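Report on the structure given below.
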Amino acid sequence: MKISTQNQLQQLFLRVALAITMLSAVADRFGLWGKNSNWGNWQNFESYTKKITSFLPESLSIVGAYSATLLELAFALLLILGYKTKLATIGTGILLLMFALSMNISLGIKAPLDYSVWVGCAAAFLLAGQNQYHFSLDNKFINQ
């Protein structure tokens, strides 16, 4: 079945939107958004991570902060390149699911709804269900 150019562009837009969202969150942790930052620095991000993972030992919360940041960077780059896209979208979906559940447990149902974490999670899993990724390195390697 031939997929229209419009659908191919929609898929690309979703991939890039997920990637930029994660890159923006990582940039915020290092104060790169300046006055528009939510956290503004790593220490504030660690405090926030401890808050939303209050059900875990503190040492695991810190590991979670570092792990989430590294995974967000890796998944974002893979999504932009369109390389190992299925793995990146599944990983993104799982990461966002864990974030949403942690927010639900620690902050209540409203917080992940206000930040559209469930929407991002659903979008990642929807993208993971695609058979082919257009405008991607995956597509180039598969077709050779």
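The numbers here are math on the coordinates, done by the rules we state, and not lab data. Since this is a predicted model, take the numbers as computed values, not measurements. Every residue, glycine as well, gets a Cβ built from its backbone with ideal geometry; the counts of neighbours run over all protein chains shown.
So here's what we get for this one:
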{"item": "Whole-angstrom gap from region 11-72 to region 99-119, using each part's C-alpha centre", "result": "14"}
{"item": "Degrees separating the helix 5-29 axis from the principal Cα axis of the chain, which is the longest one", "result": "20"}
{"item": "Nearest 10 degrees, 0 to 90: helix 117-128 Cα axis against the chain principal axis", "result": "30"}
{"item": "On Cα atoms only, tilt of 58-81 relative to the major axis of the chain in degrees", "result": "20"}
{"item": "Residue with peak Gaussian network fluctuation, the chain [Cα springs, cutoff 10 Å], from GLN11, GLN132, GLN43", "result": "GLN43"}
{"item": "LEU107/VAL16 FRET efficiency (R0 25 Å; Cβ-Cβ; nearest 0.05)", "result": "0.30"}
{"item": "SER136, SER116 arranged by Cβ crowding within 10 Å, fewest neighbours leading", "result": "SER116, SER136"}
{"item": "Of ALA27, ALA111, ALA74, the one that fluctuates the most in a GNM where the chain has Cα springs shorter than 10 Å", "result": "ALA111"}
{"item": "Sparse-neighbour loop sites [chymotrypsin sites (Phe, Trp or Tyr not before Pro); region 1-90; at most 14 other C-beta within 10 Å; DSSP]", "result": "PHE30, PHE55"}
{"item": "Highest average packing first - 15-23, 84-92, Cβ atoms within 10 Å", "result": "84-92, 15-23"}
{"item": "Length-normalised contact order of region 48-144 in % [C-alpha pairs under 8 Å, at least 6 apart]", "result": "30"}
